[in-house]
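Below you'll find the structure, written out as structure tokens, and then a few comments.
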Amino acid sequence: MKSPEGLSPYLTLNREQWKKLRASVSMPLTETELEDLRGINENLSLEEASEVYLPLSRLLNLLATSNRKMSEATRLFLGDLNPKIPFIVGISGSVAVGKSTTARVLQALLRRWPGNPRVELVTTDGFLYPNRVLEERGLMKRKGFPESYDLEGLIRFLADLKSGKEEVSVPLYSHLTYDILPEKKKWVRRPDIVVVEGLNILQNPCVGPVAPSVFVSDFIDFSIYVDADEEDIARWYVERFQVLRRTAFRDPNSYFRRYADLTEEEAVVTARRIWEEINRVNLLQNILPTRGRARLILTKGPDHVVRQVRLRKM
């Protein structure tokens with residue numbers, strides 16, 4: 001039975017209500033800048049960025065500022081022994097739903113707020129096990145599932161950030177070679193805000209005989225879930241596959257080079273099969289069940305446009 005709205009932990013806002021919360025803040029991004037932030041087959045407009053992501057960046061900036069003031073008060077109390085602690089934003093959702101675009105746009109907007117905070121973007125793809133490890137464990141077809149991640153490494157990274165460590169490294173992942181780039185790292189140095197994007201941000205996985213006592217979400221100050229109907233996400237996945245077939249898959253170094261020569265009909269069949277056998281299963285088993293743990297849910301319509309925002313009541 002559906003709970004009455006008054007008993008829901010979320011405040012539900014339609015597009016018109018949400019866009020008013022930008023509070024007359026002007027849009028700092030240009031069309032050219034936005035073009036560089038769009039994902040494959042996403043028609044993110046300046047209007048969408050202004051009405052959806054600008055109010056969200058305002059909320060995050062207010063929360064990060066409050067977090068910083070609290071940290072400063074603690075440092076004052078401790079005699080400046082407490083190091084600077086970044087505000088961490090987590091973004092989760094299905095494959096092909098638009099998490100990466102959301103993360104990039106929020107990073108760009110947050111950097112433009114007064115004081116020009118240092119905002120870093122990290123994806124949890126960097127904490128996937130290398131392909132050789134996945135192959136040894138028979139997990140290549142489970143890539144993106146909880147057991148395919150170096151969860152200890154991801155938690156160690158987040159713990160280092162929250163302990164105030166000045167310089168933290170992140171493994172780099174290549175979507176071209178579909179693998180971790182050996183001996184290459186991204187360095188995160190004294191950030192004010194860190195946006196962490198990935199499938200597993202809100203998961204509490206138990207992939208071994210003993211349940212972990214610490215979870216990724218324990219280190220997240222504000223979590224966002226990008227949501228849409230399953231049928232729409234499946235269609236977006238197939239459309240994205242078609243675009244990649246004509247572009248990135250044609251690179252000789254692409255892990256998916258074998259798909260570049262498929263006909264359009266063959267590509268649709270292949271993409272649908274991959275979706276059904278892998279991504280849909282992961283969505284239903286591991287990702288969608290975490291939606292209710294998010295602080296904010298962005299719900300998209302069939303056209304990739306955000307129609308509704310649900311904000312957890314404080």
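For this structure, a couple of remarks:
- With bins 10 Å wide beginning at 0, the percent of Cα pairs of the stretch 182-314 falling in each bin runs 10, 28, 32, 26, 4, 0.
- Electrostatic dipole magnitude of the chain [Cβ: Lys, Arg +1; Asp, Glu -1; Cα centre; debye, to 20]: 780
- Square roots of 5 times each gyration tensor eigenvalue, C-alpha, the stretch 256-314, largest first, Å: 33, 15, 8
- Above-threshold pairs, the threshold being 22 Å between Cα atoms, out of Lys20/Lys300; Lys165/Lys185; Lys162/Lys313; Lys162/Lys185: Lys162/Lys313
- Entry note, the stretch 261-314: relative contact order of 20 percent, from Cα contacts under 8 Å with a spacing of 6+ residues.
- Residue among Leu202, Leu176, Leu54 with the largest mean-square fluctuation in a Gaussian network model of the chain, springs linking Cα atoms under 10 Å: Leu176
- In plain terms, the chain from Ser213 to Arg190 could stretch by 5.6 nm, reckoned as 0.36 nm per residue minus the Cα-Cα distance.
- Gyration tensor over the Cα atoms of the chain: the corresponding equivalent ellipsoid has semi-axes (square roots of 5 times the eigenvalues, largest first) of 31, 25, 20 Å.
- Among Val243, Val216, Val196, residue whose mean-square fluctuation peaks in a GNM of the chain (springs only between Cα atoms under 10 Å): Val243
- Percent RCO, i.e. relative contact order, over the chain, from Cα pairs under 8 Å lying at least 6 residues apart: 25
- Computed over the stretch 156-314: relative contact order in percent, which uses C-alpha pairs under 8 Å that are six or more apart: 22
- Approximate shape of the stretch 1-153 as ellipsoid semi-axes (Cα gyration tensor, √5λ), whole Å, largest first: 30, 25, 20
- With R₀ set to 35 Å, the beta-carbon distance separating Tyr255 from Glu35 gives a calculated FRET efficiency near 0.85.
- Largest mean-square fluctuation among Glu265, Glu16, Glu48, in a Gaussian network model of the chain whose springs join Cα atoms under 10 Å apart, belongs to Glu265.
- Residue-averaged 222 nm ellipticity for the chain, from DSSP H runs of 4+ at -39500 (n - 2.57), nearest 500: -9000 deg cm²/dmol
- A dipole drawn for the stretch 198-302 from +1 and -1 charges on Cβ atoms has a positive end, and of Pro302, Ser254, Ile220 the residue lying farthest that way is Ser254.
- Amide H within-cut-off set for Ile88, under 5 Å, with H built and near neighbours excluded: Val194, Asp221, Phe222
- Think of each Lys and Arg Cβ as +1 and each Asp and Glu Cβ as -1; about the Cα centre, that makes the dipole of the stretch 155-290 roughly 580 debye.
- Each Lys and Arg contributes +1 and each Asp and Glu -1, all at the Cβ; summed about the Cα centre of the stretch 1-150, the dipole is approximately 360 debye.
- DSSP-defined beta bridges in the chain - what % are antiparallel, rounded to 5: 50
No lab work stands behind these numbers, since they all come straight from the coordinates. Here the structure is a predicted model, which means the values were calculated and not measured. All Cβ positions, glycine included, derive from the backbone under ideal geometry; neighbour counts span all protein chains shown.
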